[in-house]
Structure formats: structure tokens, C-alpha cells
1. Between the helical axis of 126-141 and the dominant principal axis of the chain, each derived from Cα atoms, what acute angle in degrees is found, rounded to the nearest 10?
2. Could you bin all the Cα-Cα distances of segment 161-274 into 10 Å bins starting at 0 and give me the percent of pairs in each, rounded to whole numbers?
3. Could you tell me the distance between the Cα centroids of segment 380-418 and segment 511-542, to the nearest Å?
4. How tilted is helix 13-23 with respect to the longest principal axis of the chain? Cα atoms for both, answer in degrees (0 to 90, nearest 10).
5. Computed over the Cα atoms, what is the radius of gyration of segment 305-394 divided by 2.2 N^0.38 Å, N being its residue count?
6. Could you give the alpha-carbon Rg of segment 1-159 over 2.2 N^0.38 Å, rounded to two decimals?
7. Would you please state the base-10 log of I(q)/I(0) at q = 0.16 1/Å for segment 438-479, with intensities from the Debye formula using one equal scatterer on every alpha carbon?
8. Report the Stokes-Einstein translational diffusion coefficient (µm² s⁻¹, integer) for segment 470-615, Rh taken as the Kirkwood radius over Cα pairs, at 37 °C with viscosity 0.692 mPa s.
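Only the coordinates and a few stated rules stand behind these numbers; no lab work does. Bear in mind the structure is a predicted one, so any value in this text is a computation, not a measurement. Cβ coordinates were reconstructed from backbone atoms using ideal geometry, including for glycine residues, and neighbour counts include every protein chain displayed.
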Ligand code: F6R
């Protein structure tokens, strides 16, 4: 959570920082701030609210130019979102300035100690404690900034990505990371620091992603020095060529990133299977799986760990891996798994699913699994992310940057990767017949066309959104492969429109939730022709006889459900196992339109952040 940006070079820093913060707002957007050094003094502006609010305020407060600066967009952990708690934070002397993404867990005893030594604090943040700790170390031991940062970081417990500036030595920024991401862009005579590469993509395609426990001294006209925080050993940084382009991180004519990302799904699903799926030859090839095939085949079970939407993709994977490859699968919330003393052994394969690759709970679950000797396979979208690096092997989803906070294309591309894994394992184990295997490969190959067709439900979903936008509650029902889709549909609606929604396995409804149904309750039923069609028709009848309003997602040409439902959304036919890739599309669109009609901030829903790097 939180986005950080820094610049040191020859260009004006302020516009780079503001634009960069706007690109990082998906990481947090409850307050923002910027510091600029104009060659003489530190200029600071910070405010509760979004980066656009900061821009307005900074226009009045920062009237000089400078080529060094740092900025922050916040998702509050310690201290409510207000002007004072916003970053950057300045040390008591006024010389040191910090931006921080993460949590300093032992900030309370450190603060007590610093107060005893005469320090005072204006904010409630852990970050203000850290910058004063750095100052105390610097003064006491008469150290340069880099050394002082290093000594201080060795005293803290927690997670951080930081950038620190010292007015006394203004040609340098010190950056460090542990548990929160940090990328450094390397240009000609300039450096960029950011939580991801999006703030500097138009200036340089060379970047170093600091590893956990590393820090960098970034000085003007000098090569960057990277070292280990713990033992001071020098690291030769790996300079990566970025694959991201500007177009990918802009809205491209859509009103919102979420809508753009929904519409990107046909092409990104293709990107996901490109080079991996060869339907005509009957081949599925994924390097991470091929290289570790024995581990998968010898696994006594597969444990999937993930959070939120990625957890829903994991549930789909449970159905598909068990059905295709006949390997037992357990799906765990990473946050529960890590704290419940789970039984894990070296015969387990753990699949960690994460769009961002930075989710703290998923990361901790991986570490726990590794400690117990399990083989960890990461399914991530963000290349070079912490989870992808921490895993023994993995497969990227290649969905491109997902900026809308509500996950859409990440979900369908995760399902695509996981389905390919299931198919590959099924082939190796012979658990699908030759013709079944080929049928699924052919069907997966044409899924992007069917997703495109499913996007044509946009007008219909908009019309339905208009009818139900003011409903206080909503129920989503599905069976089998479409039970996780019901959960995902409900999550999408909750998070962006703030309507209370629940997803349920349709048959479970009569064990409780049926009591909620009356003429005011919209019930979205996912009822494609394949799967447990007859059973779900019975469930629809149960809802109808209690006057619930039925919105049914059905296969094109369906007549039976049409007679019962108040509204139908028609989608193209596909096999049951691949249906989540299609049925989820109208649900994404429905929640999008409802949120827009309710005047909600679709791309930046309240209280949320795109990557949850705190537990
Ligand atoms: C919901 C959503 C979240 C994420 C969850 C995990 O739309 O985006 O529920 O799915 O925070 O994030 P990742 O996949 O980055 O680990």
C-alpha cells in the first residue's frame, strides 16, 4: 500500500513526481504529499485527499523549481488520513525527509526512546519515528546519510520501501526496501525511484528492482551503489529492460481503467496462452511446469494460497485441477493459512496466486510453505514482483498492468494459466481421454472470441444496472465451476458500488439465505446450459416462488430459464470447465455500470488499495 516516487537529475522534479503519483494512486489515495529541494531549501506540501487535491494545494505552497524531489500517495495504516499524517515526514532538525510505504512494527518503543532523548512528534505515524531514528543515529555517530539509514533500519522490525533526502547533502537520495516493492529507473544523468516502474516509463526502460533487504545510494553523476542492509555487502544490481509501455498504463479512450481492463480480456487471455498453448499440435508447454513436472506429478496434494479475487481464481482451479488431473486440491486464504499452523510437507505443491505479486499475506504463506519443504509455484501478473521471486518456479499471467483497483483481467488470465496447468498435468497423468484433452485445448484457444461476444452484453447489463442500482442488497448464486464466479461477482459489486452482496452455492441457499428473499431482493443466478443446469433451474424456481427478482446469466438460445427470470443475459456456449471465463464478464460489467450510476469512484473505491502489502 502507498505509492512512492522520487527524482534526482536535471529535469524539473515536480511534474515528474505529480504525474508519477497519479499513476501510483491505485496503491492508496487517502492523502498525498511532495517535497522539492530548490537548491536552497526544502519545500513541502501535503494534504488529505487525492493527488489532484495535492496539486491544487502545492500550486500555492511550492512556487520555486527544483531537480530533486520525493512524493507519496498514502493508504493509511498508523494515524487517520489527514494533512499532518501525510508523507513526506521531516525530522526534528528539518534536514531529513522521508517517504515510506510499509509498517514499522516496533515504532512504539522506538518513539518512547526518542521522546526521552528530546524528540517531538507532530503526526501519529510510524514513518515520522523512522526519520527521527535516522536523525538520532546520524547525529550520535556522526554518519553520512546512507550509513545512518542502514544503522537505523537494522533496528526496526517491519516492512518498508523508503526514500530519504538530507538537505545537508542534497545531491543524494537513499532508498531501501524490505517487504514493499521499489524500482529504480536509470536514465542518462538522472534517477527515478518508485513503487513500480509506471512513473518513469517514458523516461527510461532500464530499471533495477531492489531485492528485500537491499538499499541504494543514488547520487547525481555517480553510479548507483547497492548493498545489503544487514551486512553491508555490496550487490551488483541487475539492470532489467522494462517491457511496459505508456499505452498500457493510460485509459485509451475509456472512462475508467476498470472498463478498459474488462475490454482488454480477449487480447490479454491470448497473451496469456501465446507460446504455451498449441491446440492443433495438442501441446501445452509452460517452462515452469515442464521443469518441475515430477514435483507436480508426485504431489500428494496441491495447496492454493491467495487473497480476494485471486482466491476466487484458486477456487476455480480447485475444480479444474481435480477434474482434469485428479490431484487433490485445497484452497486457502493466505491470511488464515499462515497463522493456523497448517500441516505442510515436502510432498506438497503450493500454488500462490497474486496479481500484484506483493500481497503480504500471500508472501508470508509462501515463506511458511518453503520452511516446511513444500515446492512453491507462483502465478503472478507483475513481472519481477516479490512473490514471483520468492517462488521456486512459476508462470506469469501476462495481463499487462492492472490499474483499476477491482481486479478483472487478472482474474480471467489467472484462470487461463491455472487451466493450462491442469491440462498439462492431465496429459502427463493420462486422466483425460485424448479427445477430451484436444477438445479443451481447441475450446481454450477460441475463448478470447467468446469473451469478445460476452462483452456484447454491455448494453443489457447497463439496462439492468439502471433497474437495480439502488438495491441495498444483492445475492449471487452459482453451482460447480460457477460458484466461485458468484463469489467474484458479489465481491466486484461490494467493492466498487458499496452495495452489500453475497455469493453462495445455489443449493446452499435453502440452508439459510433463502430467508432473505423477497420482492426487493435481486438474485443474480449463473445458469449456463452446461454443468448442473437442471438443478439450478430448480433453485431459480425456489427464488421465484418467494418473489425474488431474478437476473439470470444463461447460454444463448436458452428458453427454460428465460421463462422464469425477470432479466436474462445471454452468453456464448462453452464447456462447463471453461465457463467461468465467460460467465464472469457480464458480472464485471454489471458491477461497473451500477457503480458508475451510483456516482462511485470506480477505479479507486473507498478504503481500498490495489496491492495489500500490510497483513
Ligand atoms: C478485488 C481485488 C482484491 C485482490 C486481493 C489480492 O477486486 O482486487 O481482492 O484480488 O487483494 O491481490 P493480489 O492478487 O495482488 O495478491
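1. 30
2. Bin by bin from 0 Å, the calculated values are 13, 36, 28, 16, 7, 0.
3. Going from one Cα centre to the other spans 32 Å.
4. Here the helix axis deviates by roughly 20 degrees.
5. Rg over 2.2 N^0.38 Å, computed on Cα atoms: 0.98.
6. Details: Rg = 15.1 Å, N = 159, 2.2 N^0.38 = 15.1 Å.
So segment 1-159 has a normalised radius of gyration of 1.00.
7. Listed by q, the Debye log ratios stand at -0.66.
8. Values: Rh = 15.4 Å.
Using the Kirkwood radius from Cα pairs, D works out to 213 µm²/s.
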